Amino acid sequence: MFASRAVSTSHAGHRCASSAKFITVRRATEDQQHIPDVEDEPHPKRSFACALVSTLFCPILGIFALFYAIRALRAHHQGYYAEAVTFNKQATRWSLITFIIGLTIGSIIGFIFFVKTVLFI
């Protein structure tokens, strides 16, 4: 009678959980169980690529991003998916911090060199 959002299914076959993760259910024959597949899991290779790029902007802080990205890859490879997601979030966070700080420092240095060349001409 009362359908909540947690148990309602849409016409696309997705079930909306209260944690806002979408789960698809493969429908097999009646004697087999429903096997849920979790969608939108970030793969640790993305965080490793971001860590490598952000290391170019600020190598000192980029080491932290690379450290967590490598730990995420190892945990994912060994089957510890919950830890891999945690390390992936930390690697992405450090990559963003490294990118912003490196871009800020680079902009300040570039502005200083620009001002020096304009004033001494």
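Data table
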item	result
Estimated FRET transfer efficiency (residue 77, residue 101; beta-carbon r; R0 35 Å; 0.05)	0.70
Descending principal axes extents, region 58-121, alpha-carbon based, whole Å	61, 13, 11
Net charge of Cβ neighbours under 15 Å - reference residue 67; Lys, Arg +1; Asp, Glu -1	+3
Accessible surface ranking that places the most exposed of 81, 68 first, with a 1.4 angstrom probe	81, 68
Label-point separation, residue 93 to residue 111 (7 Å along Cα→Cβ), nm	2.8
Extension gain, residue 120 back to residue 60 (0.36 nm per residue minus Cα-Cα distance, nm)	18.3 nm
Burial ranking of peptide ranges 107-115, 89-97, 59-67 (average Cβ count within 10 Å, highest at the top)	89-97, 59-67, 107-115
Length released on extending from residue 86 to residue 70, taking residue separation times 0.36 nm less the Cα-Cα span	4.5 nm
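The values are calculated or read from the model by the stated rules, or taken from the named source; none is laboratory data. Quick caveat, the model's predicted, so the values are computed rather than measured. Counting neighbours? That spans all protein chains shown, and the Cβs are built from the backbone with ideal geometry, glycine included. Please note that ligands, DNA and RNA were not included when accessible areas were found on the heavy atoms of the full protein model with its side chains. Shrake-Rupley method; radii C 1.70, N 1.55, O 1.52, S 1.80 Å.
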